[in-house]
Structure formats: C-alpha cells, structure tokens
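What follows is one structure encoded as structure tokens, with my remarks underneath.
The values are calculated or read from the model by the stated rules, or taken from the named source; none is laboratory data. All values reported here derive from a predicted model rather than from experimental measurement. Here Cβ is always computed from backbone atoms with ideal geometry, including for glycine, and neighbour counts include all displayed protein chains. Calculation scope for accessible area: heavy atoms of the full protein, side chains included, ligands and nucleic acids excluded. Shrake-Rupley method; radii C 1.70, N 1.55, O 1.52, S 1.80 Å.
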Amino acid sequence: MIKILVIEDEESVRENLLDLLEAEDFETIAAANGRTGVDLAFAESPDLILCDMMMPEVDGYGVLTALRQDPLTATIPFIFLTAKSAKSDFRQGMDMGADDYLTKPFTRAELLSAIMNRLERQATLKKYLSSPITVAKTVSPKIQLLEMNLQRVVQQKQFQEFEIYYQPIVDIASGQIIAAESLLRWQSPELGLVTPSEFIPIAESTGLIVLIDQWVLQNVCQQIKIWHDVGIAYLTMTVNLSVMEFHQPDLPNKINDFLKINKLEPQFLEIELTESIIMQDINSAIATMNKLKSLGLKIAIDDFGTGYSSLIYLKNLPINTLKIDRYFIHNVAVDHQKSAITKALIEMAHNLNMRVVAEGVETEEELNFLREYRCDSMQGFLFSRPLPAAEFENFLWSNRHLYI
C-alpha cells in the first residue's frame with residue numbers, strides 16, 4: 001500500500017486530507033509541525049510527502065531542505081500545499097527540489113491528480129534505474145500496460161482509439177440545450193474502456209497530454225463544422241485544457257488554425273480552465289487568456305468554488321462563464337452551507353457579467369434551487385449523461401422543444 005506523509009499544522013485541513021487519502025486506500029501518517037514531519041520522514045520512509053509551506057518553527061522550506069540533504073529521503077516525491085500565490089514562492093520551492101505544489105484550497109481531483117503524477121514519475125524513474133524484479137514491485141502491471149498502450153496510441157497516431165463524448169449544457173430559463181462539454185474516452189483494444197481518471201494522470205506525467213489535447217481541439221472543431229453543415233449551428237462547444245497545453249506558446253496559433261481550416265466562427269468554441277491552472281501563475285494566465293479572447297474565443301473557469309485564493313483576482317480575469325463545482329451543487333437545496341456559497345457565487349458572477357453553469361445536477365430539488373436563484377445553465381445526469389457524437393446529435397433532434 002502506498003504510504004503518504006501529511007505535514008500540516010492546521011488541524012482541520014490535516015484531518016480532511018487524511019480522510020480523503022484513506023478513502024482512496026492510501027496508508028497515511030501525519031505530522032502537526034515541520035520538525036515532527038522531518039522525523040517521521042526519516043523513520044517511516046513514505047512514498048510521497050504533502051507539506052504545508054507556511055508553518056511555525058520549521059516551515060515547508062526547512063522541511064524540504066532537511067529531506068533533500070539526506071540520501072535516505074532525497075528522492076521522496078514532495079508536494080507543497082500553500083495558500084500563497086506569488087510566482088516567486090512557487091519558484092523558490094521548485095528550485096529547492098519540490099516536485100509540485102497545490103494552491104489551497106484545491107479539489108479532490110486536483111489533489112489526486114498531483115499525487116498520481118508524482119507517483120507515476122517516480123515509478124518511471126525506478127523503472128530505468130532498477131532491475132526487472134524491482135520494477136514488478138514498484139509499478140503495477142496495470143499501470144505498466146496503461147502507459148505502454150498510451151505511448152503506442154500517441155506516438156503511432158492511433159487516435160481512433162479515442163472518442164469524444166458530449167454532455168449537454170441546458171439553459172435553465174428556457175430548458176433548451178445551448179452548449180455541450182467535450183469529454184475524452186479511451187476504448188483500448190487490449191485494455192477495454194479506460195476511464196479518464198486512469199489515463200489522464202499518466203498522460204500528464206509523460207507529457208503525452210499535449211498531443212492528446214491538440215487532437216481533442218482539432219476534432220471538436222471538425223465536429224462543430226459537421227453539425228453546422230446539418231443545421232445545428234447554435235451550440236457552444238467547450239474543451240478542457242491541461243496545464244501543459246495551456247502553457248504551450250503556440251496554443252493561440254494552433255487554435256486559430258483549427259478554426260480557419262474548418263471555417264468556424266470563434267464564438268462557437270469555449271476553453272475551460274481550472275482554478276489551479278490559472279492560479280499557478282496568475283499574470284501569465286491572464287496574458288494567455290487575453291490572447292485567446294482576442295481570437296474571439298470564450299473562456300470558462302471550471303470547478304469554481306474550490307479555490308478561494310482566486311476570488312480577489314476574479315474581476316481581472318477575462319472570463320465569460322463561471323462553472324460551479326459539483327461539490328457545492330450536491331444536496332444544495334438542503335445543505336445550508338452549500339446553498340449560501342452557491343447563492344453568493346451566482347450573485348457575484350452576475351455582478352461581473354459572467355454566465356453561471358452548475359455542474360453535476362442530479363435531482364429536481366437541486367434544479368429548483370438553481371432556478372430560484374437565477375443560475376443561468378446546468379449540466380448533469382438529471383438531464384443527460386455524456387454521449388458519443390452520434391447519440392448526442394440524435395438527442396439534440398429529439399429534444400429540440402424540450403423544457404426542463
């Protein structure tokens with residue numbers, strides 16, 4: 001079982017992390033301060049360390065310095081947890097030997113993705129430095145097969161194994177489908193259906209995600225053109241970008257080329273970014289978003305509500321759409337804290353002239369709450385699961401006059 005050391009002085013944060021990790025079947029050990037954390041790292045030899053950056057006595061920088069100086073702990077993957085957002089703070093940590101950082105608060109998906117990325121990279125390193133016997137102990141056969149097959153798909157351009165699904169986004173006031181989120185699926189001949197949670201972390205850790213993201217962008221643009229040609233010319237299609245693709249310097253030019261090749265107007269494409277991508281380097285992110293906006297693209301911020309550090313920057317971000325994370329939507333009609341947060345987010349977004357999409361809507365009670373507080377749009381299993389392109393098109397035709 002993978003062992004993770006959590007070094008965090010704030011008890012509530014520490015306990016939440018431990019609960020989440022244990023629910024994912026990780027073995028956990030915890031320290032309430034940096035000094036204890038260093039001692040536990042030497043004594044327990046964890047597979048990965050999550051460490052708060054700002055702590056009394058010995059802070060995260062001090063912990064990292066102590067661990068990197070000792071051969072026994074020098075190579076343990078180390079992820080900073082921080083409420084700070086200055087680029088210089090991140091750069092200092094990375095220069096000292098940190099492997100990654102997460103800006104508090106972060107989503108469960110972001111945390112697990114960061115952990116899996118580091119563990120996969122560590123396993124890959126061991127694969128090249130160790131004997132075959134050691135490899136069998138450090139990398140599961142399933143992970144090895146996943147990585148090998150993913151490398152084959154991307155390097156040999158066998159992208160036909162991928163398929164893009166589309167989940168409708170519905171205008172709550174009219175009940176009409178106005179947009180759709182594109183979601184990638186992988187049907188491997190050898191492995192069967194592989195979920196995004198299984199292969200996306202591997203794609204990110206190996207750098208394959210850049211070519212995958214570009215394939216998705218290209219194919220979504222082609223699909224929009226196909227639908228325009230048959231009379232479906234009113235939908236906005238959203239595409240999620242990884243942090244690696246977002247920071248590619250030629251990203252705006254590539255998207256512009258995809259639009260021109262398919263003779264598409266840019267307003268039919270919306271780029272979705274998570275808060276964590278934006279907050280890693282706020283100034284750089286704003287510059288890139290402005291370039292995308294200058295092309296006429298729309299921009300959405302995804303999983304919103306889980307990274308409060310971005311609130312002070314929200315008014316400066318060139319965003320069209322704010323998507324409220326499904327965590328806040330689940331049981332929103334009966335959970336007073338979630339309802340208060342969701343109402344505040346809707347009002348704030350409207351004051352900033354943004355549209356609001358609620359993610360993960362599954363019940364009529366949740367929908368009624370969103371309607372009452374003037375949320376603009378929703379997506380979720382209450383209306384439709386993600387569908388392959390052909391099924392999505394049939395769904396559009398059969399639901400042209402459907403009102404929720």
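Would you mind finding the one in Asp250, Asp302 that is over 26 Å from Pro388 (Cβ atoms) and charged (D, E, K, R)? Only one candidate qualifies: Asp250. In the condition set (1) assigned to a helix (DSSP H, G or I); (2) out of contact with any helix residue (DSSP H, G or I) (no Cβ under 7 Å at 6 or more places or on another chain); (3) closer than 18 Å to Phe392 by Cα; (4) of a type outside the set (Ser, Thr, Tyr), Arg152 is compliant with all but (3).
Within the stretch 84-100, the residues that satisfy the criterion of being surrounded by 13 or more Cβ atoms within 10 Å (Cβ to Cβ) and either modelled with pLDDT of 85 or more or assigned to a loop (DSSP other than H, G, I, E, B) (or both) are Lys84, Ser85, Met96, Gly97, Ala98, Asp99, Asp100.
If you go through the stretch 213-247 and keep only what is farther than 30 Å from Asp171 by Cα and part of a helix (DSSP H, G or I), you end up with just Met244. A Cβ distance below 7 Å, combined with a sequence gap of six or more or placement on separate chains, defines the contacts here; from the stretch 97-112, residues that are of a type in the set (Lys, Arg) reach residues that are assigned to a loop (DSSP other than H, G, I, E, B) and surrounded by fewer than 19 Cβ atoms within 10 Å (Cβ to Cβ) in the pairs Lys104/Ala83.
Restricting to the stretch 178-196, name every residue that is in contact with a helix residue (DSSP H, G or I) (Cβ under 8 Å, 6 or more places away or on another chain) and either open to solvent by 10 Å² or more (accessible area, probe 1.4 Å) or in contact (Cβ under 8 Å) with a residue 40 or more places away in the chain (or both). Answer for the stretch 178-196, where residues must be in contact with a helix residue (DSSP H, G or I) (Cβ under 8 Å, 6 or more places away or on another chain) and either open to solvent by 10 Å² or more (accessible area, probe 1.4 Å) or in contact (Cβ under 8 Å) with a residue 40 or more places away in the chain (or both): Ala180, Ser182, Leu183, Leu184, Arg185, Gln187, Pro189, Glu190, Leu191, Val194. Only residues that are of a type outside the set (A, V, I, L, M), surrounded by 17 or more Cβ atoms within 10 Å (Cβ to Cβ), in contact (Cβ under 8 Å) with a residue 40 or more places away in the chain and touching a Leu at 6+ places or on another chain (Cβ under 8 Å) were counted in the stretch 1-40, giving 1.
Residue-by-condition table, conditions (1) outside any helix (DSSP H, G or I); (2) not β-branched (Val, Ile, Thr):
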position: Lys142; (1), (2): no, yes
position: Gln160; (1), (2): no, yes
position: Glu163; (1), (2): yes, yes
position: Ile169; (1), (2): yes, no
position: Ala179; (1), (2): yes, yes
position: Leu183; (1), (2): yes, yes
position: Trp186; (1), (2): yes, yes
position: Ser197; (1), (2): no, yes
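Which residue is most open to solvent (accessible area, probe 1.4 Å), if the candidates are limited to the stretch 126-143 and must be modelled with pLDDT of 55 or more and out of contact with any helix residue (DSSP H, G or I) (no Cβ under 8 Å at 6 or more places or on another chain)? The extreme case among them is Lys142. Among the residues of the stretch 1-29, the ones that are of a type in the set (Gly, Ala, Ser) and farther than 17 Å from Leu102 by Cβ come to 1 in all.
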